[in-house]
Structures are given as C-alpha cells and as structure tokens.
1. If you take the residues of segment 190-206 that are in a loop (DSSP other than H, G, I, E, B) and out of contact with any Lys or Arg (no Cβ under 8 Å at 6 or more places or on another chain), which of them is most open to solvent (accessible area, probe 1.4 Å)?
2. Tell me which residues, restricted to segment 14-55, are outside any strand (DSSP E or B) and open to solvent by less than 30 Å² (accessible area, probe 1.4 Å).
3. Could you grab me the full set of residues in segment 412-431 that are of a type outside the set (Phe, Trp, Tyr) and either out of contact with any Asp or Glu (no Cβ under 7 Å at 6 or more places or on another chain) or free of Cβ contacts under 8 Å to residues at least 12 places away in the same chain (or both)?
4. Name the pairs whose Cβ atoms lie under 6 Å apart, with the first residue in segment 157-168 and farther than 17 Å from Thr422 by Cα and in contact (Cβ under 8 Å) with a residue 60 or more places away in the chain, the second among the hydrophobic types (A, V, I, L, M, F, W, C) and in a loop (DSSP other than H, G, I, E, B), and 6 or more positions between them or separate chains?
5. Quickly run through segment 56-81 and pick out the residues that are open to solvent by 20 Å² or more (accessible area, probe 1.4 Å), in a loop (DSSP other than H, G, I, E, B) and either in contact with a His (Cβ under 9 Å, 6 or more places away or on another chain) or among the hydrophobic types (A, V, I, L, M, F, W, C) (or both).
6. Which one is most open to solvent (accessible area, probe 1.4 Å) among residues in segment 346-375 that are modelled with pLDDT of 90 or more and not in a helix (DSSP H, G or I)?
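The values are calculated or read from the model by the stated rules, or taken from the named source; none is laboratory data. On a predicted model such as this, the values are computed, not experimentally measured, just so you know. Quick reminder, even Gly has a Cβ in these numbers, built from the backbone with ideal geometry, and neighbours come from all protein chains shown. Ligands, DNA and RNA are excluded from the accessible area calculation, which covers all protein heavy atoms including side chains. Shrake-Rupley method; radii C 1.70, N 1.55, O 1.52, S 1.80 Å.
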Amino acid sequence: METPTLVPTPQPALARPQYVIDLQFNFTTKIATVNQTITYPNWSGETLNNLVIAVLPNLWNGGFAIKSLAIDDQPVSDYTLDGQKLDVPLPQLLQPGGIITLTMSYGLVLPPMQAYSNPDEVRPQIYGYTERQTNLVDWYPFIVPYQSGEGWLLYNPWYYGEHLVYDLADFDVLITFTDGAVPQIASSGAEEESGKSGSRRFVLEGGRTFALSMSLYYKVASQQVGDVTVYSYFFAFYDKPGEALLQTTVEALQVFNELLGPYRHKTLTAVQGDFNDGMEFSGFYFISRDYLNLYLGDPKNYLVIIAAHETAHQWWFDSVADNQALEPWLDEALATYSERIYYETVHPDLVKWWWDYRYFEFDNPGFVDIPIYDGGGQRPYWDKVYLMGARFLEELRGRIGDEAFFAFLKDYYVQFEGKHATSADFFRVLREHTSADISDLMVKYFKNTY
C-alpha cells in the first residue's frame, strides 16, 4: 500500500500589515521606549528592494532615536533616517505576495505642544503634551503605501492640511506606565485584556492610524449604538458641551450608517483637544477646546458642526482613503457636505442656518481639486477644498437628484471601502449613476479633467 503524501495546509494570506507595539511610557517625563513589530505583506504587485517608513517624531530635534532594527531576524544597520523618512534596504528582495517581519526598538521624547500666533496660516501642533493632555498621533513608524508607477507615497509636511497617506492595517498596542501614573486613556482601538499586570491593551482592526490621548483630568461619557461604543472625553467644567459632543457623535454615526454605509470599528472616541483645531484619526477624533467653550446649549454652533464633520471622516478618510497631500478634497469636501446631511436629517429646520453660517460667497476662491501645497494659506485652503467642495456637491445633488446622489455615495463607499480612491475613481462611479450633463460644474469647480 502506497503511503499517502502529507500536503501542508495552506496558510491564509495576510490581508494587511500588522502592527504590534509595546509602549513603555513615563507619563511624568513624557519619555518612552517602544518595541514594535510590523508584519508586512507585499500587495504592491512589484518586487521591492526597500521599505520607506514615515517617522514623524523625528521632525522634532531629539524626539526620536532608533535603538535596534531587524528584518526577518537579520539586523539592519545601513538604513538612512532623514527628517520624517526612514529608508530601509531589504536583505533579500520581497516578491509580490511575500511577507516580511520588521522589528525595531526606539525611544521617544515628546515635545511640548506649541501654540502658533496665526492659526489661519499654520495648523496647531497636536503631537506632544500640555499641562492637561498628552497626545500620541502619528507617533509610531509606519510603512507608507507603495503605488505602481509612483513608488513610495511620502510627501513633504506642510503648514496646513494633511500630507500623509496610509494603508489599512491592524494594530495591537500594549501600554505600560513606567512611573506608576494612572491617566485616562482615549484610544483609536477597543480595550482588551492585556494579560500583563499593570498594562493596558488596545486593539484596532482595519484602521489607517492609531491615536492615543492621555490625561489625569478627563471626564468620560459613553453610549452604546448597536455594537459600537461611543465615547466623549472632556475636561472638568465642560459637562454640558461634553455630553453634547457625545450626543452629536452618536447622532452622526446613526445618520451616516444609514445613508453612507456601515461604520467599521467597535468604538468611536471624541476628545476635547487642548488646542484650537479638529483632527481625525481612525475610530477617534479631536475637537477644538474653543468649540466647547463657545457651546450655548443648542445645535447652532461649531461644536455640533465639527463633531458631525469629524465623525464623517470615519467614512471619508478612514474607510475610503485618498491621497491627502495631492487630492484632499476627496475627504474634506465630502466630510464638510456630510455636515449638511447630518443637519437635514437631525435638525432639518437648521439647514438654511447651516449654509449661511458655514458657507459664504467667495471672490475668485479657486479650484476644489488642489494639492495642500497650492492652498495659499490655511484660510484660502479651507475655502477652496472644504467649502467650495461642499458647494460643488450641493449643486451636483441638485443636478442629478437625491435618489441618484445617495445611491452614488453608497456605491462609492462600497467600491472603495478599505482602499484608496482618486478623483478619477470618484467621477467614474458617479457616471455609473447618472447621465446628467455636469460639464459646466466641472469647468466651474475643477482645474483638472476627470
């Protein structure tokens, strides 16, 4: 009798990069040691001879230091680190579909958060700490997307807007406070059992980023929406606006779930920033402290507007990603217009107020589809990309009708969930839902032809 040959069970392919991060953090000194493992599948379709890794903390003098780096257990020393760019040559070529494991240990020294004199020109700093808050955003090295014909997508930082492009990834983050501090932790991920006494573990599947905010002074409110837990973190004496922040996030989540597509994570966390800006991350966003200061108890204010906007970024940024440096309108115009969708659904009597308050006529504002580098300043950039972008979507909706418009948005979401979309993708999907002539709108709002 012939002995049967044993065939190994095929291992499932790795769908996306895996980030396992062990953060040893001295909360008092704001100094950390991090051990990180990245398991990276090459889905680029090309053979790779290097990795390009974004290291934003290195933009601060003395803020980042590599202690060790290895690929598949082979030490690597001939890497180059220049500003935000870490270029790592591979010991062996990485074939399409191949997987490598990068391990590294590094130190972080968080900077104090700086307040700039002119927020219309320069975006406030979010990474770092104030007396009340410590924020880790874009704090870990991550492999940037590789695009055939373009190479590694890492663009220069700018005074305003976002310059980073992210692949979808899974995150497993363990946090240990080496000085015994016990701050509240707001996180992109859901908390899981750490298996280690004195440590806390957070897990996020299929996110673009993993953000953390810590404070000894946070108050927390939460609400369950189906299988999603929504959190609001805010400082003392902000109970009423903090609850309004939670309520708006819950309402926006419900509206966008129904009209755009399903939210993809287990938690959604809104955090009062100790700075004057709003900013989105995966399953997480900051909202300006001033919007909580100015809240008067009704939905006619920027707290509600921006909470809806940042919640919408979970659809237009986290799920459907784009090139934020070169085509920021794809997430910012859609997030701004999603504010209108929120108001018409939850506060229909305030839609006109929202338009009058949020939008005004501009004198030659410029085209919607500009890179962040062509904005001409923070305020002109907002006017072009956010507000003129929203005006385009309103005119488009009026031209093609509500049925086609919302069918298009849902289909666009479905087709590009977990992927990167381009302006050409946007208009291709749109044309699958309407034959209306929008050539005049294209000339009016867009510099390029799609």
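1. Ser197
2. Those that are outside any strand (DSSP E or B) and open to solvent by less than 30 Å² (accessible area, probe 1.4 Å): Pro17, Phe27, Lys30, Asn42, Ser44, Val55.
3. Scanning segment 412-431 gives Val414, Gln415, Glu417, Gly418, Lys419, Ala424, Asp425, Arg428, Leu430, Arg431.
4. Tyr159/Val122
5. Matches in segment 56-81: Trp60 only.
6. Result: Phe367.
Table: residues versus (1) in contact with a helix residue (DSSP H, G or I) (Cβ under 6 Å, 6 or more places away or on another chain); (2) outside any helix (DSSP H, G or I); (3) closer than 27 Å to Phe408 by Cβ.
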| site | (1), (2), (3) |
| --- | --- |
| Thr248 | yes, no, yes |
| Glu258 | no, no, yes |
| Tyr263 | yes, yes, yes |
| Ala270 | yes, yes, no |
| Phe286 | no, yes, no |
| Tyr291 | yes, no, no |
| Gly297 | no, yes, no |
| Ala308 | yes, no, yes |
| Thr311 | yes, no, yes |
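Condition check ((1) at pLDDT 95 or above; (2) under 18 Å from Leu51 (Cα atoms)) across all residues:
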{"position": "Val76", "(1), (2)": "yes, yes"}
{"position": "Leu86", "(1), (2)": "yes, yes"}
{"position": "Leu94", "(1), (2)": "yes, yes"}
{"position": "Ser105", "(1), (2)": "yes, yes"}
{"position": "Gln114", "(1), (2)": "no, no"}
{"position": "Glu121", "(1), (2)": "no, no"}
{"position": "Tyr129", "(1), (2)": "yes, no"}
{"position": "Val144", "(1), (2)": "yes, yes"}
